[in-house]
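One structure is given below, encoded as structure tokens.
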Amino acid sequence: MDDNIKRAAEDIVEAGNKKVVALTGAGMSVDSGIPPFRGKGGLWEEFDPEVYAHIVTFKQDPAKSWKMLKDLIGLITRAEPNAGHFGLAELEKIGFLSCIITQNIDGLHQRAGSREVIEFHGNNRWLVCLDCEKRYEVSEVFPLKEVPPICDKCGGNKLKPDAVFFGEMIPPENLSRSNREAVNCKLMLAVGTSAVVYPAAGMPEIAKRNGAKIIEINPEKTPLTSSISDYIIEGSAGEIMPEIVKGVRQLSKQKIN
Ligand code: NAD
Ligand code: ZN
């Protein structure tokens, strides 16, 4: 076992019961086939997210945003959780993980069995009409087309996913619960996040200031690596997470015996 994987398993066991929080980002779902914002390939080469997923674009020209949303929602609907998601779900089941703060809007943590998930940026399961506030489950507007779906209550064309777009506020309850978890944890795993989108990217800083260890899991270094993280395990979430959980299981068995 890689030395840092072993070290992470030891640190998790040392942190103890429900004292670990995971902050996850788009990299978590790369092994499920959903491309991250930064990095090559896929959807975002065609659609700049800061334009197509900006609230001003959506309000002024919903048809423009829906060109991207059709592809994104399609991709998310077809995706399956990967070994990284299952690893975090298991870490919760065996008592170490307090919660996941996820920046992802794909719902894959819950589908892998995680229960305590703060969807910091909301999700894509629901659509809300910006004109009359009627809510739709996304499956109700299938099949998706490039033109925006029409609200059957008010006839408007502004059905917006219940995800936080650029230019929108983070729901205050998400922010306050995440802050609380960051303050109370003894260890934070930052998995697959480039840690540049605030305020989510500030959670490791808050945890660190309150005495927690920070472990990054990412194939590439991030702004956290040299400033906040205690160490980084360089690799994909789908490969590394199951190894860490295996280590945790072994160590906690040894402790009991
Ligand atoms: P990001 O796109 O900025 O960064 C992705 C990070 O993941 C990078 O640091 C990259 O090195 C790393 N990475 C790539 N492959 C990986 C792998 N296999 N395992 C682990 N790490 C890997 O993502 P971000 O920090 O989450 O911030 C961007 C915003 O994008 C978030 O707010 C999120 O809401 C949104 N987003 C979500 C999804 C999704 O729901 N799956 C997809 C794209 C973007
Ligand atoms: Zn409406």
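Computed from the coordinates by the stated procedures, all read-outs in this text should not be read as laboratory data. Quantities reported herein were computed from a predicted structural model and do not represent experimental measurements. Glycine also receives a Cβ, built like all others from the backbone with ideal geometry; neighbour counts cover every protein chain displayed.
Judged by the mean number of other Cβ atoms found within 10 Å, the most tightly packed of the peptides 193-199, 20-26 leads the ranking 20-26, 193-199.
By the helix-only formula, in which each DSSP H run with n ≥ 4 contributes -39500 (n - 2.57) and the sum is divided by residues, the chain has a 222 nm mean residue ellipticity of -11500 deg cm²/dmol. Note on Arg180, Arg7: ascending count of other Cβ atoms within 10 Å places them as Arg180, Arg7, the fewest first. Which residues in region 1-17 place their backbone N less than 16 Å from a point set 7 Å from the Cα of Ser252 along the Cα-to-Cβ direction? Output list for this probe position: 8-17. Approximating the spin labels as points 7 Å out from Cα along Cα→Cβ, the Val196-to-Asp2 distance works out to 2.3 nm. Rg ratio for region 1-93: its Cα radius of gyration over 2.2 N^0.38 Å, N being its residue count, equals 1.45. With only Cα atoms counted, region 160-257 has Rg and Dmax values of 15.5, 53 Å. Taking amide H positions as modeled 1.01 Å from N, with prolines and chain starts lacking one, the residues under 5 Å from Ala190 and 5 or more places away or on another chain are Leu23, Ile215, Glu216, Ile217.
Build a GNM of the chain with springs between Cα atoms under 10 Å: which of Glu181, Glu46, Glu137 gets the top mean-square fluctuation? Of the options given, Glu46 has the highest mean-square fluctuation.
Computed 3J(HN,Hα) for region 203-209, one whole-Hz value per residue from the Karplus formula 6.51 cos²θ - 1.76 cosθ + 1.60 where θ = phi - 60°, is 4, x, 4, 4, 4, 4, 4, glycine and proline marked x. Out of every Cα-Cα pair that region 135-187 contains, those further apart than 18 angstrom amount to 54 percent. As an equivalent ellipsoid, region 68-149 spans semi-axes of 28, 14, 9 angstrom, where each value is the square root of five times an eigenvalue of the C-alpha gyration tensor, largest first. Stokes-Einstein diffusion for region 58-202 at 37 °C, viscosity 0.692 mPa s, with a Kirkwood radius from C-alpha pairs, works out to 197 µm²/s. For the chain, modelled as a GNM whose springs connect Cα atoms under 10 angstrom apart, the maximal fluctuation among Ile214, Ile94, Ile232 occurs at Ile94.
Per residue, the convex hull around the alpha carbon atoms of region 198-240 comes to 73 Å³. Under the criterion of Cα pairs below 8 Å and six or more residues apart, the relative contact order for the chain equals 26 percent. Computed over region 118-249, relative contact order equals 18 percent, with contacts defined as Cα pairs under 8 Å that lie 6+ residues apart. With pairing defined as another cysteine C-beta under 4.7 Å, the cysteines of the chain that fail it are Cys99, Cys185. For the cross-link pairs Lys6/Lys186; Lys18/Lys253; Lys59/Lys153; Lys160/Lys213; Lys18/Lys246; Lys208/Lys246, the ones whose C-alpha atoms lie over 28 Å apart are Lys160/Lys213.
Computed over the Cα atoms of the chain, the ratio of the radius of gyration to the Kirkwood radius (Rg/Rh) comes to 1.00.
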